[in-house]
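Following: one structure in structure tokens, then a few remarks.
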Amino acid sequence: DEVFSLIVWAAQDTAFGIDHEFGGIKSYEEFKRQVPIQDYEGLRPYVDRVVKGESDVLWPGKPAYFAKTSGTTSGAKYIPITRDSIPNHINSARNALLSYVANTGKSKFLDGKLIFLSGSPETIKTAGINTGRLSGIVNHHVPSYLRGNQLPSYKTNCIEDWEEKVDRIVEETLGQNMSLISGIPPWVQMYFDKIREKTGKQIKDVFPDFEMFVFGGVNFEPYRQKLYETIGKQIDSIELYPASEGFIAYQDTQTEEGMLLLLKTGIFYEFIPAEEYFDDNPTRLSIGEVELGVNYALIINSNAGLWGYSIGDTVKFVSKEPYRLIVSGRIKH
């Protein structure tokens with residue numbers, strides 16, 4: 001409720017807030033009447049105004065960044081990231097690592113070299129706003145105490161051609177004491193395959209101190225077996241659930257299923273039972289109303305200025321104390 005009241009109050013004088021009478025909204029029930037569920041296309045008229053340089057459209061002021069994603073249906077999407085929403089993207093990944101250290105007492109992986117396989121950190125300007133891939137934008141905010149251990153080099157990270165980039169990363173990391181490797185599983189698998197090609201060894205023999213794998217972005221199951229075979233030993237892993245629209249959850253335990261939903265980072269979540277998603281008037285639930293084991297379409301309202309926004313994923317709760325979920329699929333499937 002606290003996040004809900006704060007974001008609605010903060011956005012009442014924006015174009016979207018005025019059009020949807022945020023000033024008069026006192027309850028979630030009223031909010032549901034005023035704010036429709038929409039995907040990027042629904043919100044696009046407002047986003048287009050922001051892209052043209054207008055202020056106070058979806059959130060006070062102008063965004064700090066646009067995360068540009070290649071939309072499947074709508075061409076390029078420009079997802080706003082505001083000064084208020086940056087901490088959600090930056091601190092959540094850090095908190096996932098700190099939570100692991102707190103739970104397991106293992107922190108040795110922080111002493112070695114860390115690699116974040118990510119998109120290019122280069123940004124371009126759109127109406128004076130820095131625009132780039134989310135993983136690249138986040139790269140600009142890696143805390144200084146991790147920077148010294150971070151690979152690949154900035155120059156290598158900016159290589160657009162993925163094959164060439166991975167080859168260069170292999171050159172930069174071979175012979176280094178890699179202890180944490182992070183990225184989406186298919187990218188990491190490609191990196192591991194190139195190392196095996198070059199050395200003829202399993203990853204555990206190339207990087208004996210490698211003990212933490214951080215991943216997100218896709219369903220891990222199809223990759224799990226091959227990845228661990230390539231590594232040659234079982235190592236701990238932390239699953240993250242980041243999206244351009246917000247960092248939603250991270251794995252906070254090595255023993256229980258699911259990822260911890262982040263409830264206090266500026267996102268107010270709604271959940272629609274998946275089978276009702278395409279109905280004219282689907283049920284919209286807040287976090288207190290969800291049930292275990294039900295497939296829900298995930299909707300976010302946030303301090304990035306996204307309202308009634310369907311990110312296209314379905315989730316299923318596996319625990320309510322605390323709220324832990326798994327990503328169960330995509331709405332269109």
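The values are calculated or read from the model by the stated rules, or taken from the named source; none is laboratory data. Predicted model, so just to flag it, every value in this text is computed and none were measured. Positions of Cβ are backbone-derived with ideal geometry, glycine not excepted, and every protein chain shown enters the neighbour counts. Quick note on the areas: whole protein, heavy atoms, side chains included, nothing else; ligands and nucleic acids left out. Shrake-Rupley method; radii C 1.70, N 1.55, O 1.52, S 1.80 Å.
Any residue in segment 291-311 that is at pLDDT below 95 sitting within a Cβ distance under 8 Å of a residue that is open to solvent by 10 Å² or more (accessible area, probe 1.4 Å)? List the pairs, counting only those 6 or more apart or interchain.
From residues that are at pLDDT below 95, the pairs are I311/A243; I311/E245.
In this structure, does G23 turn out to be open to solvent by less than 80 Å² (accessible area, probe 1.4 Å), of a type in the set (G, A, S) and at pLDDT below 95?
Details: open to solvent by less than 80 Å² (accessible area, probe 1.4 Å): yes; of a type in the set (G, A, S): yes; at pLDDT below 95: no.
Considered against the rule, which asks whether it is open to solvent by less than 80 Å² (accessible area, probe 1.4 Å), of a type in the set (G, A, S) and at pLDDT below 95, G23 comes out as no.
Based on what the data block shows, is L292 open to solvent by 10 Å² or more (accessible area, probe 1.4 Å), in contact with a strand residue (DSSP E or B) (Cβ under 9 Å, 6 or more places away or on another chain) and over 22 Å from G42 (Cβ atoms)? Even if it seems obvious, please write down each step before you answer.
Numbers: open to solvent by 10 Å² or more (accessible area, probe 1.4 Å): yes; in contact with a strand residue (DSSP E or B) (Cβ under 9 Å, 6 or more places away or on another chain): yes; over 22 Å from G42 (Cβ atoms): yes.
It is true that L292 is open to solvent by 10 Å² or more (accessible area, probe 1.4 Å), in contact with a strand residue (DSSP E or B) (Cβ under 9 Å, 6 or more places away or on another chain) and over 22 Å from G42 (Cβ atoms).
Within segment 59-81, identify whether any single residue is assigned to a strand (DSSP E or B), open to solvent by less than 20 Å² (accessible area, probe 1.4 Å) and aromatic (F, W, Y), and answer yes or no.
Taking segment 59-81 and keeping what is assigned to a strand (DSSP E or B), we get 65-70, 76-81.
Retained after the next criterion (residues that are open to solvent by less than 20 Å² (accessible area, probe 1.4 Å)): 66-67, 79-81.
Then keep just the ones that are aromatic (F, W, Y); that gives 66.
Checking segment 59-81: at least one residue is assigned to a strand (DSSP E or B), open to solvent by less than 20 Å² (accessible area, probe 1.4 Å) and aromatic (F, W, Y).
A quick yes/no check of all residues on (1) open to solvent by less than 50 Å² (accessible area, probe 1.4 Å); (2) touching a helix residue (DSSP H, G or I) at 6+ places or on another chain (Cβ under 9 Å); (3) under 14 Å from L151 (Cα atoms):
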| residue | (1), (2), (3) |
| --- | --- |
| E171 | no, yes, yes |
| L174 | no, yes, yes |
| P186 | yes, yes, no |
| R196 | no, yes, no |
| Q202 | no, yes, no |
| D205 | no, yes, no |
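Inspect all residues belonging to segment 185-197 and state whether any of them is in a loop (DSSP other than H, G, I, E, B) and either at pLDDT 90 or above or touching a strand residue (DSSP E or B) at 6+ places or on another chain (Cβ under 9 Å) (or both). If you could, list the steps in order and put the result at the bottom.
First pass over segment 185-197, keeping only residues in a loop (DSSP other than H, G, I, E, B): none.
No; the residues of segment 185-197 include none that is in a loop (DSSP other than H, G, I, E, B) and either at pLDDT 90 or above or touching a strand residue (DSSP E or B) at 6+ places or on another chain (Cβ under 9 Å) (or both).
For segment 233-243, name all the residues that are of a type in the set (S, T, N, Q) and open to solvent by less than 20 Å² (accessible area, probe 1.4 Å). I'd like the intermediate steps shown before the answer.
Residues of segment 233-243 that are of a type in the set (S, T, N, Q), as a first pass: 234, 237.
The answer is S237, and nothing else.
Among the listed residues K155, K106, which satisfies the condition of being open to solvent by 70 Å² or more (accessible area, probe 1.4 Å) and more than 19 Å from F207 (Cβ to Cβ)? Write out each step before concluding.
Working: K106 fails: more than 19 Å from F207 (Cβ to Cβ).
Going through K155, K106 in turn, just one is open to solvent by 70 Å² or more (accessible area, probe 1.4 Å) and more than 19 Å from F207 (Cβ to Cβ): K155.
Can you spot a residue in segment 277-289 that is basic (K, R) and open to solvent by 40 Å² or more (accessible area, probe 1.4 Å)?
Initially, segment 277-289 is screened for residues basic (K, R), giving 284.
Keeping just the survivors that are open to solvent by 40 Å² or more (accessible area, probe 1.4 Å) gives none.
Scanning segment 277-289, I find no residue that is basic (K, R) and open to solvent by 40 Å² or more (accessible area, probe 1.4 Å), so the answer is no.
What's the number of the condition D48 fails, among (1) acidic (D, E); (2) within 18 Å of G128 (Cβ to Cβ); (3) open to solvent by 70 Å² or more (accessible area, probe 1.4 Å)?
Exception for D48: condition (3).
Looking for whichever is in a helix (DSSP H, G or I), over 25 Å from the mean Cα position of the chain (by Cα) and on the phi < 0 side of the Ramachandran plot here; the options are E54, E30, E41. Which one fits?
E30
Give segment 68-120 a look and list any residue that's among the hydroxyl-bearing types (S, T, Y), farther than 24 Å from Q189 by Cβ and touching a strand residue (DSSP E or B) at 6+ places or on another chain (Cβ under 9 Å), or say none. Reasoning before the result, please.
First, the residues of segment 68-120 that are among the hydroxyl-bearing types (S, T, Y): 69-70, 72-74, 78, 82, 85, 92, 99-100, 104, 107, 118, 120.
With the extra rule that they be farther than 24 Å from Q189 by Cβ, the set shrinks to 73-74, 78, 82, 85, 92, 99, 104, 107.
Across segment 68-120, the qualifying residues are Y78, T82, S85, S92, S99, T104.
Any residue in segment 83-97 that is buried (at least 21 other Cβ atoms within 10 Å of the Cβ) sitting within a Cβ distance under 8 Å of a residue that is of a type in the set (D, E)? List the pairs, counting only those 6 or more apart or interchain.
Hits for this filter: A96/D252.
For segment 84-119, which residues satisfy the criterion of being in a loop (DSSP other than H, G, I, E, B), farther than 23 Å from T156 by Cα and of a type in the set (G, A, S)? Spell out the reasoning first.
Pass one, segment 84-119, residues in a loop (DSSP other than H, G, I, E, B): 84-85, 105-107, 111-112, 117-119.
In the following step, the residues that additionally are farther than 23 Å from T156 by Cα were identified as 84-85, 105-107.
Of everything in segment 84-119, those that are in a loop (DSSP other than H, G, I, E, B), farther than 23 Å from T156 by Cα and of a type in the set (G, A, S) turn out to be S85, G105, S107.
With the checklist (1) touching a Leu at 6+ places or on another chain (Cβ under 6 Å); (2) open to solvent by less than 50 Å² (accessible area, probe 1.4 Å) in hand, flag the one item Y100 doesn't pass.
Among (1) touching a Leu at 6+ places or on another chain (Cβ under 6 Å); (2) open to solvent by less than 50 Å² (accessible area, probe 1.4 Å), Y100 violates only (1).
Take residues that are touching a Pro at 6+ places or on another chain (Cβ under 6 Å) and tell me which of the helices (runs of 4 or more DSSP H) falling wholly in segment 133-177 contain 1 or more. Break it down into steps so the answer makes sense when it comes.
Details: elements: 134-139, 144-147, 154-157, 162-173.
Here the list reads 134-139, 154-157, 162-173.
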